[in-house]
Amino acid sequence: MSTPASRRTVLTAALAAAVGGSALPSAGPAAGAGVPVPAARPGPLVDNRFWNSGADWRSGAGEGTRTAAGGRPALVVGAPAGRTRYPDPHTGRTTVWEYARWTSPVHRTRVAATEVIASWNARTPAGTWLQTELSGTYDDGGTTPWFVMGRWAAGDADIRRTSVDGQTDGRSSVRTDTLAVDDPASGLRLVSYRLRLTLHRRPGTALTPSVWRVGAMASDIPDRFTVPASTPRAARELAVPRYSQNTHIGRYPEYDNGGEAWCSPASSQMVLEYWGRGPTPEELAWVDPDFTDPQVCHAARHTYDHQYEGCGNWPFNAAYAASYRDMNAVVTRLESLDRLESLVEAGIPAVTSQSFLKGELAGAGYGTSGHLMTVIGFTPGGDVIANDPAAPTNEAVRRVYRRAEWENIWLRTKRYDASGRVASGTGGVCYLFWPERPTAAQRKALAALGID
């Protein structure tokens, strides 16, 4: 499988060539053979910080923004700070927009980080959109420029939602949705950051985006080819709907070659419907009525990143989920399988990102350089129960994967690809979606991750 160099090494869409897996070897070299792995740093590996309260919005610096009161205080356009011209690279149109801007206070992370991933929750009615940026500070005192982490609109009539390629200061670079230190082995780390939101609307209107959550996950996961097997906790399985990406093969190929690459939106849609959310019949009217599960087509269209040319942009999937009534969503990393088990115990499924060769995950039947699935439970023996959209039918989506194999594949940061070369692993990346009023157990499980 070949992919543009601008995309991150570990893709987050399972492409057909990977899912087929016929050209992939069953195993690579022995884990870590001939490749030194640095010792793990002491202390926490992941830091989550999200701004989402009235006090949070007041703590930042606003230029034309105000806080809209309510059950979920939201950042909105007040008196615009000015006008700007945006040349959309994907439509060729240049349009004038009014804008307002909010900049967060500096957040000093608990983790001296090699990677930072931003995510946001917002509504963007027609005629509005938003841009999220991040600027970090290095441990040697240097700072990054303002990097664009995403240009987002829930619809696609005004702008084409997009990541921005080619952003680097020679020390760190943005890889689709992730700001990463270019050479972690050098010891360079990011120790703090600020986020900046720019809210856009059609000039002369009262329209506005509404943002009720923005933040980032910063991490320094040690390089590792293998992760020791953990001890199982209590068994539980959640009743999460099942959707196959492969039943959509050939549908709407303008969105990342059709359903064969829709593992991320299929997974996001499963979790949304677990929480009782989803598009209305009116919102699905654009889908061919002969297509089953039109909501998966809808999710693909509304998560599609026109620069990445795929539906696997992590923050875009979180933003899609949060566009539904009273929903919250973040992109984060979990340090251990135990953390994931505690979420499932509380009733929160997770969409996880992993990559593996055919034969590394018994029962999968394929290999992939990047794939999303939904963890819905654990067996009494501790094995992982996953809704895997790479199945041929909805009925076949539920899979049980061996605990030690799945845990290693998900949490490792280094692996061998089909050619025997060292490649990246995602190191525990996942999406978490939950409703505005979670149960006490769900709130506790999220708080343990630093998410409120």
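Quick notes on this structure:
- Label separation (Arg202 vs Thr95): 0.9 nm, computed from points 7 Å beyond Cα along the C-beta direction.
- Here each label is just a point 7 Å from Cα along the line to Cβ, and for Trp146 and Glu283 those points are 3.0 nm apart.
- Whole-Hz Karplus values for region 265-272 come out as x, 5, 5, 4, 5, 4, 6, 4 Hz, taken residue by residue from phi with 6.51 cos²θ - 1.76 cosθ + 1.60 and θ = phi - 60°; glycine and proline positions read x.
- Each peptide in 285-296, 425-436 receives the mean, over its residues, of other Cβ atoms within 10 Å, and ordering these scores from highest gives 425-436, 285-296.
- In region 409-452, trypsin sites (Lys or Arg not before Pro) in a DSSP loop with at most 11 other beta-carbon atoms within 10 Å: Arg421
- Along region 330-347 the Karplus relation, 6.51 cos²θ - 1.76 cosθ + 1.60 evaluated at θ = phi - 60°, assigns HN-Hα couplings of 9, 9, 8, 10, 10, 7, 7, 5, 4, 4, 5, 4, 5, 5, 4, 4, 7, x Hz to successive residues, with x for each Gly and Pro.
- Phi angles across region 361-372 convert, under the Karplus curve 6.51 cos²θ - 1.76 cosθ + 1.60 with θ = phi - 60°, into 3J(HN,Hα) values of 10, 4, x, 6, x, 8, x, 7, 8, x, 8, 10 Hz, Gly and Pro given as x.
- The alpha-carbon atoms of region 147-303, seen along their principal axes, cover 56, 55, 30 angstrom, with the largest extent given first.
- Protection proxy ranking, peptides 138-145, 252-259, 343-350, 56-63, average beta carbon neighbours within 10 Å, highest first: 343-350, 252-259, 56-63, 138-145
- Rg and Dmax over the alpha-carbon atoms of the chain stand at 20.8, 63 Å.
- Residue list for region 252-273, given a label point 7 angstrom along the Cα-to-Cβ vector of Asp290 and an amide N cut-off under 16 Å: 252-253
- Segments 131-137, 208-214, 275-281, 177-183 sorted - mean Cβ within 10 Å per residue, highest first: 208-214, 131-137, 177-183, 275-281
- Under the Debye formula (equal points on every Cα, no solvent term), log10 I(q)/I(0) of region 46-219 at q = 0.08, 0.11, 0.16, 0.18 Å⁻¹: -0.24, -0.46, -0.94, -1.13
- The GluC sites (Glu not before Pro) of region 279-324 that DSSP puts in a loop, and whose beta carbon has at most 10 other beta carbons within 10 Å, are Glu282.
- Comparing Ala153, Thr124, Thr94 along the charge dipole axis of region 46-219, the residue lying farthest to the positive side is Thr124, per the Cβ-charge model.
- The chain - percent relative contact order, Cα under 8 Å, separation 6 or more: 21 percent
- Model label points for Ser186 and Ile249, set 7 angstrom from Cα along the Cα-to-Cβ axis, are 4.4 nm apart.
Values in this text are rule-based calculations from the coordinates and carry no lab data. What you see is a predicted model, and the numbers here were worked out from it, not measured in a lab. Positions of Cβ are backbone-derived with ideal geometry, glycine not excepted, and every protein chain shown enters the neighbour counts.
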